[in-house]
Every structure is written in structure tokens, then in C-alpha cells.
Amino acid sequence: MPTVFIKTYGCQMNERDSEAVAAQLVAKGYSLVKSEHVADIVLLNTCSVRDNAEQTALGKMSAMIGLGRKDRPDQIFGFLGCMAQSRGQELIDRLPDVDLVVGTQKFHRVADYLDDLLEGRRKKIVDTDAESGSESTIREHLVSGGSQPSVTAFVSIMQGCNQYCTFCIVPYTRGEERSRPIPEIVSECQQMVSRGVKEITLLGQIVTSYGKREIAKHEGKTAFVQLIEAVHDIDGLERIRFTSPHPKGYGDDLVEAYVRLPKLASHAHLPVQSGSDRVLKLMHRGYDRQRFLEIVQKLRLARSNIGITSDIIVGFPGETEEDFNQTLSLCREVEFDNAFLFKYSPRRDTPAASMPGQLPESLIEERHARLLELVNEIGARKYDAFIGKQARILVEGPSKKNSARVMGRTTCNKIVLFEGSERHKGQVMDVSITRVGSFTLYGDPAIVNL
Ligand code: SAH
Ligand code: F3S
């Protein structure tokens, strides 16, 4: 049977989509390989959020075609996901050796399309159509081959986003919000837990809007909180995480869930994007600085150890020095444990791309560097505070960089490395934090919990 190499760019949703495609292909007898050089089929699952993510995937594809076509004229090349959705046929016009372009609502068709291409029934396939019910098609998981099952799993709960932030391409690449029913999600989670999974991350582009149209509020609780409660009831599950939420979705019912539900990890990723009310309004974010600060305060009251992380865009059109200073001051005020900084990148079809006051690259670079310095300084202080303390971690497995170490996470989502072994995998254990690296804690389990 043919061999497949899948490379994924972008967010955790993309990772999950690739996993589901891989699992479907494995079920049909295809085998997965780790390099494009030995693959009959090469698929790039793409990201469109910023221009450089698109350019990287385009560059990778043309380099692979340049190398591969010479030695293996039958090799099949495909683009999947967000860039496939937004560019469609244009990708084949630009790179005529590409055989397959599959958008974000058609991942479940990839295996059939590959059969068609391999058996010569069709020469080129482009499918970027919408499909009703596609939110329920990301459900297959790869069963890990080793003796030990995976400790963490990602479960897709919804697709799309209706927020239409003016800078963001996601509503165009992922479509309208569509949510899976609670029982369907719970049953997938149960299956994962029965395979040994201890931590589940619920995934969607705007998870706090989960089920808004499909599921009525119940006793003042949004559909999202109802879902968390249902997943929380699964025996054997240790931790629940979710990504990505939207700050406006942190109503009192969700804040209160942190008080009531111990399996809910003490972490909130709150993408603030800017500290300036003027910019937040232009971005169409749906909250202002004061409301954002109020949410942070309420969450810290609900869980004193909560880790708060964020996404921030630098250089949104028209951002003045004063606006940027507001972002700096917000970071000082909140003290994020970490924040991902993005240089504004104009995206096709988005309102911000044609707003006046597009800033020069050099100014964006300069602000980015200033903000990065601040975020790193605050982050380092937060991480330093762990030295000498004990942290409870869920061990996920060997560290990717150093196989003598194992990696776990605290409930507040900090990575902890220590010298352990395979037998620690899946365990919840206390480690003493001895030193810190860049956004990493180093621990010593010797003292406790051998
Ligand atoms: N809720 C979504 C957000 C997608 S994009 C999710 O995580 O799936 C992730 C982050 O990329 C956003 O929070 C934003 O900070 C950044 N981003 C989105 N569009 C951008 C653009 N046009 N330029 C720069 N950064 C952008
Ligand atoms: Fe994008 Fe805003 Fe939705 S950042 S994914 S449009 S919440």
C-alpha cells in the first residue's frame, strides 16, 4: 500500500485535522512515513493566519516538487486545510505539479480522492465546497503504536468562527460556527480515556461560542459550560483543557466552572490582541480593556494559581505610539505568564487589510522587539517564582529534545522537564522545581513520589 507523509503548519486544530486524516488513511491500509523523500504521497496541511505561514508552505511544496518529481514521477502532492480553502484552484495554476487541493470541510474525503488519483480515475482534484455536518467528521484518532498509549488527546468540538475580527482570515477559511452535539463529543472523550488518555483538550476556533445556536442555556449555563461538565463526569479523566477561547466568552458561568470543577486545568488563554480601546474597537473584538481586566481578576479570584497566557498583535493599521503604550501597560498590569506576539499581516478579504494607516515593517519590528522584551521579562519573573516550590505535573512522555528527560505539564500549563523514565508516563506526580529555562521549569522528583 502507498506511503504518506503529512506535514502540518499552524494551530492545534490543524494538528488534529492532520491526525484525523492520517487515521483514515491508516484504516485504509496506507502507511505513514516520517519524510517526504520516502513517501508516495505528500500532503501539506496549511495555515493562512499570517502571510509567512502561507509562504513557508508554498516554498516547501515547490522545493519538494523540484526534488521529488525527478526521481519519483508518480509522487502525489496535495495541499489541505486553510490555504487550500482560501486559494483553491489558484494553487494548481501556480504549481501545476500539485495534484490535490482539499479545503477545511473536506478532510474526510482525502482518502477517497487519493484512491481516485492513484488509480488514475482523475488527474487533478480541487474540493473547497462547504459540507453540512462536516464539524462531526474530525473524529478518528491514531492509536499510538508503542506499548504506552498517549496521555493527552485533542477533541474537536466545533468548526468555524462568526466573530469576524477585522484582521482575521479564519471566518473565511473555516466558515460559519457549527458545533457537534454534546453526547457525540462525550462518547469520543470516553473512548480516549478508555485507551489511557488522562488529559483532553477541547478544540475549536472560538470554543467559548460552542453550541450557541444549537444548544439552549440551561440553569444559566452556556452550552460550553454544559459540555465541560459532561466531559468532567468521565471517570479516569484527570484534566480538561480547551483552546481557543475568546475573552468575551468568559461569563460568570465559565468563571464559576473553575471554582466547581477540579479537573478543569488552571489555565486560561485569553487572546487580548491590544491594550488600546480604540484598536480593540477597530479590531471588532467585542470587549474593552476594562472588561478584559475584570475577567482576569475574576479568574484569579476563582483559582489563585491560574496561568494566564495571551495573543497580541503588534502594528494593527493605525496603531499609534499611544495605542502601543496601552498594550505595554496592559501587559504590565496583567502580568501574563506568556504571550504570543504577532506582527500584523494583512490578509485577503479582511476589512483591516484596506484600513488606512498600514504601518511600515520597520516600525512593527521595533514595537515587536520592545513588547517581546517586556513579555519575556514578566514571564521569567513568573517562572522564577516556581524555584524551590513543588509542582504537580501530569507526565506526558520523553522530552522531544533530550530522551533522557521526561516532560510533564503543571495544571497552569507550564512545561516541566526532569530525569525520569517511561514508567512515569501518565502519572500525576509532585516534583521539586530546581531551576528554570526559557518558559520551561526543571524539576527533581527524587525527594517526593519516587
Ligand atoms: N481563535 C483562533 C485565533 C486564530 S489566529 C485560534 O487560535 O484558532 C491565532 C492568533 O493569530 C490570533 O489570536 C491573533 O493574535 C493572531 N492573528 C490572527 N490574524 C492575524 C493577522 N492578520 N496578523 C497577525 N496576527 C494575526
Ligand atoms: Fe479569528 Fe477573531 Fe474568530 S481572531 S478565529 S475571527 S475570534
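Can you tell me which residues in segment 326-342 are more than 15 Å from ligand 1 (Cβ to nearest atom) and not hydroxyl-bearing (Ser, Thr, Tyr)?
Gln326, Leu328, Arg332, Glu333, Val334, Glu335, Asp337
Any residue in segment 162-189 that's under 22 Å from Lys106 (Cα atoms) and within 9 Å of ligand 2 (Cβ to nearest atom): show its pairings with residues that are hydroxyl-bearing (Ser, Thr, Tyr) and open to solvent by 20 Å² or more (accessible area, probe 1.4 Å) at Cβ separation under 8 Å, as long as the two are six or more apart or on different chains.
The qualifying pairs are Ile169/Ser86; Pro171/Tyr164.
Going through segment 1-18 one residue at a time, which ones are farther than 21 Å from Ala63 by Cα and open to solvent by 50 Å² or more (accessible area, probe 1.4 Å)?
Met1, Cys11, Gln12, Glu15
So, in segment 315-327, of the ones that are touching a Gly at 6+ places or on another chain (Cβ under 6 Å) and assigned to a helix (DSSP H, G or I), which residue ends up farthest from ligand 2 (Cβ to nearest atom)?
Gln326
Return the residues of segment 346-387 that are under 30 Å from Asp444 (Cβ atoms) and crowded, with 16+ Cβ neighbours inside 10 Å; say none if nothing qualifies.
Once the filter is applied, which keeps residues that are under 30 Å from Asp444 (Cβ atoms) and crowded, with 16+ Cβ neighbours inside 10 Å, segment 346-387 yields Val375, Ile378, Gly379, Lys382, Tyr383, Phe386.
I need every pair where a residue in segment 301-323 that is at positive phi has its Cβ under 8 Å from the Cβ of a residue that is open to solvent by less than 30 Å² (accessible area, probe 1.4 Å), sequence separation at least 6 or different chains.
Matching pairs, first to second residue: Gly315/Tyr344; Gly315/Ile364; Gly315/Arg367; Gly318/Val279.
If a residue must be open to solvent by less than 20 Å² (accessible area, probe 1.4 Å), aliphatic (A, V, I, L, M) and assigned to a helix (DSSP H, G or I), how many such residues does segment 118-157 contain?
So the answer is 0.
Can you find even one residue in segment 47-57 that is of a type in the set (Ser, Thr, Tyr), open to solvent by less than 60 Å² (accessible area, probe 1.4 Å) and in contact with a Cys (Cβ under 6 Å, 6 or more places away or on another chain)?
Yes - at least one qualifying residue is present in segment 47-57.
Scanning for something more than 16 Å from ligand 2 (Cβ to nearest atom), of a type in the set (Val, Ile, Thr) and open to solvent by less than 10 Å² (accessible area, probe 1.4 Å), does segment 395-408 turn up at least one residue?
If we filter segment 395-408 for residues that are more than 16 Å from ligand 2 (Cβ to nearest atom), which is where we start, we get 395-408.
Next, from what is left, pick out any that are of a type in the set (Val, Ile, Thr): 395, 406.
Subsequent filtering for residues that are open to solvent by less than 10 Å² (accessible area, probe 1.4 Å) retains 395, 406.
Checking segment 395-408: at least one residue is more than 16 Å from ligand 2 (Cβ to nearest atom), of a type in the set (Val, Ile, Thr) and open to solvent by less than 10 Å² (accessible area, probe 1.4 Å).
Examine segment 145-156 for a residue that is free of Cβ contacts under 8 Å to residues at least 60 places away in the same chain, within 16 Å of ligand 2 (Cβ to nearest atom), closer than 30 Å to Arg348 by Cβ and within 22 Å of the chain's Cα centre (by Cα), and state whether such a residue exists.
no
Give the residues of segment 292-309 that are touching a Cys at 6+ places or on another chain (Cβ under 9 Å) and either within 16 Å of ligand 2 (Cβ to nearest atom) or assigned to a loop (DSSP other than H, G, I, E, B) (or both), sorted by residue number.
Matches in segment 292-309: Arg303, Asn305, Ile306.
So, of the residues in segment 416-427 that are hydrophobic (A, V, I, L, M, F, W, C) and within 24 Å of the chain's Cα centre (by Cα), which turns out to be surrounded by the most Cβ atoms within 10 Å (Cβ to Cβ)?
It comes out as Val416.
Every residue in segment 328-345 that is more than 16 Å from ligand 2 (Cβ to nearest atom) and either assigned to a strand (DSSP E or B) or surrounded by 15 or more Cβ atoms within 10 Å (Cβ to Cβ) (or both), please.
Leu328, Leu330, Cys331, Val334, Phe336, Asp337, Asn338
What pairs come out if I take residues in segment 359-379 that are touching a residue at least 40 places away in the same chain (Cβ under 8 Å) and within 17 Å of Gln273 (Cα to Cα) and pair them with residues that are surrounded by 14 or more Cβ atoms within 10 Å (Cβ to Cβ) and among the β-branched types (Val, Ile, Thr) whose C-beta lies under 7 Å away, six or more apart or interchain?
Listed by first residue and then by second, the contacts come to Ile364/Val314; Arg367/Val314; His368/Val314; Leu371/Ile312; Leu371/Val314; Leu371/Thr327.
Across segment 161-176, what is the total count of residues that are assigned to a loop (DSSP other than H, G, I, E, B) and open to solvent by 10 Å² or more (accessible area, probe 1.4 Å)?
Looking only at that region, the number is 10.
Just name the residue that is nearest to Pro149 (Cα to Cα) out of those in segment 188-208 that are of a type in the set (Gly, Ala, Ser) and open to solvent by less than 60 Å² (accessible area, probe 1.4 Å). Give the steps one after another, and end with the answer.
Step one: list which residues in segment 188-208 are of a type in the set (Gly, Ala, Ser), which gives 194, 196, 204.
With open to solvent by less than 60 Å² (accessible area, probe 1.4 Å) added as a condition, the list becomes 196, 204.
On the way: Gly196: 6, Gly204: 24 Å.
Of everything passing the filter in segment 188-208, Gly196 is nearest to Pro149 (Cα to Cα).
Among the residues of segment 196-212, is there at least one that is modelled with pLDDT of 95 or more, of a type outside the set (Phe, Trp, Tyr), within 18 Å of the chain's Cα centre (by Cα) and away from ligand 1 (no atom under 16 Å from the Cβ)?
yes
Test Tyr287 against the stated conditions and say whether it is crowded, with 22+ Cβ neighbours inside 10 Å, among the aromatic types (Phe, Trp, Tyr) and within 16 Å of ligand 1 (Cβ to nearest atom).
Here the answer is no, as Tyr287 does not meet what is asked.
Select from segment 41-51 the residues that are more than 17 Å from the chain's Cα centre (by Cα) and within 10 Å of ligand 1 (Cβ to nearest atom) and list them in ascending order.
Once the filter is applied, which keeps residues that are more than 17 Å from the chain's Cα centre (by Cα) and within 10 Å of ligand 1 (Cβ to nearest atom), segment 41-51 yields only Asp51.
Out of curiosity, is Ile312 within 16 Å of ligand 2 (Cβ to nearest atom), assigned to a helix (DSSP H, G or I) and either open to solvent by less than 30 Å² (accessible area, probe 1.4 Å) or among the hydroxyl-bearing types (Ser, Thr, Tyr) (or both)? Spell out the reasoning first.
Values: within 16 Å of ligand 2 (Cβ to nearest atom): yes; assigned to a helix (DSSP H, G or I): no; either open to solvent by less than 30 Å² (accessible area, probe 1.4 Å) or among the hydroxyl-bearing types (Ser, Thr, Tyr) (or both): yes.
No, not satisfied.
Quick test for you: out of Ile313, Ile234, pick the one residue that is of a type in the set (Val, Ile, Thr) and in contact with a Cys (Cβ under 8 Å, 6 or more places away or on another chain). Break it down into steps so the answer makes sense when it comes.
Details: Ile313 fails: in contact with a Cys (Cβ under 8 Å, 6 or more places away or on another chain).
The conditions single out Ile234.
Can you name the residue in segment 15-41 that is polar (S, T, N, Q) and touching a Leu at 6+ places or on another chain (Cβ under 9 Å) and is also nearest to Lys70 (Cα to Cα) among such residues?
Ser31
The values are calculated or read from the model by the stated rules, or taken from the named source; none is laboratory data. What you see is a predicted model; the values in this text were computed from it and never measured. As a convention, Cβ positions derive from the backbone with ideal geometry for all residues, glycine included, and neighbour counts pool all protein chains shown. Remember, those area values only see protein heavy atoms, side chains included, never the ligands or the DNA or RNA. Shrake-Rupley method; radii C 1.70, N 1.55, O 1.52, S 1.80 Å.
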